[in-house]
Amino acid sequence: MTSYSKVMKNHGKTFFWATAFLEKKTADKLYSVYAFCRRIDDLIDENQADDNSYKDFYSIKNAWDNDKFTGAFDELKNIDENFMPREDIIKEFLKGQMSDITHSQPKDMNELLVYCYQVAGVVGLMVCDVIGIKDPRLKYFAIDLGVAMQLTNICRDINEDAEINRVYLPKDMINLPIDSFKNPTKENIKKINLVRNTLLTLANNYYESGDKGIAHLPPKTARAVLIASRLYQNIGIKILNTNSSYVSQRVYLNKFEKIKITLKLLLKFNYKKDIENHNEVLHLSLVKLPDAHVK
């Protein structure tokens, strides 16, 4: 099996750190999923000024639409057919990526959460598929973990996103022209930071929900996913605790912080016998999407 570990090592350091606790067979599957998602994401983000922008992305999408997989999903070819991510999940991921081509600021929280589902919640579902998780209740929590991580990404990267003319903060929470994000007044900075902090607090609700599913994964997988979740969550917590401005240097966890969080989790991780009820409120914006239906 071809390993795509270098892709994650170079671009997803938090995730790569956590995969050290996985069995090699499981890690290789997750490397493949990450490499696929990363390639698609890069095709969107790295072609901003190209007249032929997104042609490679559309060639992949068209191949998928026409059942011609050669060259379109090389990263996933190493995965056994019985563990391949489902077609409806991949289509939602491609929809989310397409929305960034003609990006417009989400008008409200509902639109933002749908976007988070499409670009990250479905990645949680892909992981469920490749490691053989079938229980629909656990998939609810996988979606929530993906949403939480995407909210963290959005809050961490406001400044970088503004540079490529993207704003993901809901318009009904903050309605400012893009130049006000790129060259903000002190008052604008204050307003933007306040909305960001509100989204980080919301992300914690989704992390809490995600935790309910992690405890029911296979032991080594559970430890790795929990570590990745906590490390990501602590990026948001660090932003809140340090009251860092969105225009400041990008917030990240240093190696000491990662080790401290990891050791604490390894010593205190507990498994649960019963699957807890999912908080239906978290999916009210997602009811029409695969595996997110509120029962």
- Normalised contact order of region 84-283, rounded percent, pairs of Cα under 8 Å and 6 or more residues apart: 23
- Return the loop-located trypsin sites (Lys or Arg not before Pro) in region 1-33 (DSSP other than H, G, I, E, B) with at most 11 other Cβ atoms within 10 Å of their own Cβ; answer none if there are none. none
- What ranking of 276, 92 emerges when the number of other C-beta atoms within 10 Å of each C-beta is taken as an exposure proxy, fewest first? 276, 92
- Once the dipole of the chain is set up from charges on Cβ (+1 Lys and Arg, -1 Asp and Glu), the residue from the list 235, 93, 247 lying farthest towards its positive end is 235
- Most mobile listed residue (28, 41, 108) in the chain, GNM with C-alpha springs under 10 Å: 108
- Message: Only four residue types carry charge here, +1 at the Cβ of Lys and Arg and -1 at the Cβ of Asp and Glu. Report the dipole size of region 84-283 about the Cα centre in Debye, rounded to the nearest 20.
- Response: 860
- Note on the structure: Mean-square fluctuation maximum in Gaussian network of the chain, Cα pairs under 10 Å, restricted to 243, 254, 183, hits 254
- Item | Alpha-carbon spread of region 122-269, three principal axes, descending order, Å | 49, 33, 22
- Query: Among 19, 26, which comes first, second and so on when ranked by fewest other beta-carbon atoms within 10 Å?
  - Reply: 26, 19
- Message: Of the listed values [x] 1.02; [y] 1.51; [z] 0.98, identify the label whose number matches Cα Rg over 2.2 N^0.38 Å calculated from this model.
- Response: [z]
- Enter the per residue convex hull volume of region 189-230, computed from alpha-carbon coordinates, in Å³ rounded to the nearest integer. 50
- Query: GNM on the chain, C-alpha springs below 10 Å: top fluctuator among 40, 275, 227?
  - Reply: 275
- Percent relative contact order of region 102-212, based on C-alpha pairs within less than 8 angstrom and at least six residues apart? 36
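Each value in this text was obtained by applying a stated rule to the coordinates, not by laboratory testing. Values in this document were obtained by computation on a predicted structure and should not be read as measured data. Counting neighbours? That spans all protein chains shown, and the Cβs are built from the backbone with ideal geometry, glycine included.
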